[in-house]
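Below is one structure, written out as structure tokens, with a few remarks after it.
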Ligand SMILES: Nc1nc2c(ncn2[C@@H]2O[C@H](COP(=O)(O)OP(=O)(O)OP(=O)(O)O)[C@@H](O)[C@H]2O)c(=O)[nH]1
Ligand SMILES: [Mg+2]
């Protein structure tokens with residue numbers, strides 16, 4: 001049955017696109033739109049008779065299998081606005097289409113073999129992307145780079161399964177130690193490749209959500225001033241009274257292709273004031289959870305610490321010429337000195353490597369889960385190969401193969417497929 005949905009956001013807009021997919025979608029469209037385009041893939045202006053009014057719109061159709069879903073498809077580009085869109089959709093429903101469910105266009109593309117599961121997820125990642133780094137990661141999924149890798153790993157596992165099955169078919173011939181060693185080595189190699197993929201999770205998280213940066217330090221060192229300087233506008237209250245900032249304060253900045261999520265925090269000091277103490281607790285929690293702590297000081301940096309950059313602030317008043325440490329940046333929040341250098345340093349810490357710039361990293365929790373499950377099963381094989389039965393190992397290898405297949409969807413059950421697509425938005 002043909003499905004129909006609004007593919008652009010609901011509300012007022014210059015143009016709204018209503019999409020229809022299914023075998024009889026061209027027939028339905030011909031009943032309401034004239035003159036109907038003479039050939040596919042051409043956008044034509046015409047009249048769309050909704051019954052309520054005649055909408056001057058544009059129409060394009062695509063013939064199966066050369067369409068997004070692989071089915072016949074029609075798109076109407078009408079004037080934006082909910083009354084228009086509602087009538088357009090209604091007349092299509094009256095002529096035999098039904099409302100699409102969430103993700104149903106993508107699901108049909110998957111079922112018709114136009115895209116595999118991770119490719120369709122790539123489309124969603126691109127739509128949801130807030131930074132160009134996240135767009136690139138989505139494009140990589142859509143280009144099937146992860147799909148190809150997981151299929152290649154599956155192929156290797158199939159070879160392993162074949163080998164172990166020989167042993168199952170001829171149980172009287174004990175699997176030689178040599179063969180077992182080989183199996184162990186090959187399994188370990190596949191494990192290493194999975195590990196390599198999983199090692200990109202952090203970069204993927206940063207591409208998708210940004211770098212969480214806590215701005216911390218003692219009171220009055222210029223944390224809030226630094227936040228304002230980084231953002232380029234006055235976000236936080238600044239004053240010469242120690243203990244100005246109490247609550248945590250979030251602000252975002254897009255630098256190059258990546259989002260920086262700054263959190264300004266209360267200055268850390270001994271205090272009897274309950275509110276301030278609560279603020280300091282929050283500051284400590286923020287530091288703990290952050291990807292990076294900018295620890296602001298007016299004077300000597302402390303000892304080197306994990307995920308910490310020391311910001312030696314107030315350089316307009318303090319001489320830092322004797323400090324020469326990799327984990328220090330000299331700034332004056334007041335005079336806007338060292339601020340660009342600081343941004344660049346943060347960027348380089350997280351985004352400088354090739355994996356990040358190529359966008360080939362894991363950004364989707366489902367893919368991470370599939371890889372982790374495959375990893376677990378293969379680890380069991382490697383750890384127990386010499387003290388377990390061959391069929392037990394074969395079973396674990398099969399499970400790993402199946403977990404990897406869920407990435408592209410070949411081994412995913414209908415239930416899983418339905419669940420994934422139902423999370424997509426309407427019209428997608
Ligand atoms: N000379 C100079 N003064 C600065 C600089 N940065 C901040 N200040 C001043 O230092 C004082 C404290 O600045 P804030 O930004 O409020 O410091 P804070 O660390 O957020 O302070 P709390 O919120 O109280 O912990 C203010 O008077 C600022 O104007 C700087 O680079 N140079
Ligand atoms: Mg402050």
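Give me the number: length gained by fully extending residue 79 to residue 423, i.e. 0.36 nm times residue separation minus the C-alpha to C-alpha distance, one decimal in nm.
121.0 nm
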Of 253, 117, 157, the one that fluctuates the most in a GNM where the chain has Cα springs shorter than 10 Å
253
What's the long-distance tail for the stretch 1-52, i.e. % of Cα pairs beyond 13 Å?
68
A correct fewest-to-most ranking of 126, 73 by other Cβ atoms within 10 Å would be 126, 73
If I take R0 = 41 Å and measure r between the Cβ atoms of residue 269 and residue 340 in this structure, what FRET efficiency does the formula 1/(1 + (r/R0)^6) give, to the nearest 0.05?
0.85
Dimensions in Å of the stretch 3-100 - Rg and Dmax from alpha carbons
12.0, 33
What ranking do 79, 252, 367 get, fewest neighbouring Cβ atoms within 10 angstrom at the top?
252, 79, 367
Given R₀ = 56 Å, what would the calculated FRET efficiency be for residue 303 paired with residue 34, taking r from the Cβ atoms and rounding to 0.05?
0.10
Out of all DSSP beta bridges in the chain, what portion is antiparallel? Express it as a percent rounded to 5.
60
Can you work out the FRET efficiency for the pair residue 185 and residue 52, with r the C-beta to C-beta distance and R0 = 60 Å, to the nearest 0.05?
0.25
Take the stretch 250-404, compute every pairwise Cα distance, and split them into 10 Å bins from 0; I just need the percent in each bin.
9, 24, 24, 16, 14, 9, 3, 0
Can you give the three extents of the C-alpha atoms in the chain along their principal axes, from longest to shortest, in whole Å?
80, 77, 38
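Based on the Cα atoms of the stretch 305-377, what semi-axes does the equivalent ellipsoid have, where each is the square root of 5 times one gyration tensor eigenvalue, given in whole Å with the largest first?
Calculated on Cα positions only, the semi-axes equal 39, 13, 10 Å.
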If Rh is defined by the Kirkwood formula over all Cα pairs and Rg also comes from Cα, what ratio Rg/Rh do you get for the stretch 46-139?
1.05
Under a plain spin-label model, where a point goes 7 Å from the Cα along Cα-to-Cβ, how far apart in nm are residue 159 and residue 195?
2.0
Would you mind ranking 141, 231 so that the residue whose beta carbon has the fewest other beta carbons within 10 Å leads the list?
231, 141
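Computed from the coordinates by the stated procedures, all read-outs in this text should not be read as laboratory data. Only a predicted model underlies this, so the values are computations on that prediction, with no experimental measurement involved. Heads up, the Cβs are rebuilt from the backbone with ideal geometry, glycines too, and the neighbour counts pull from every protein chain shown.
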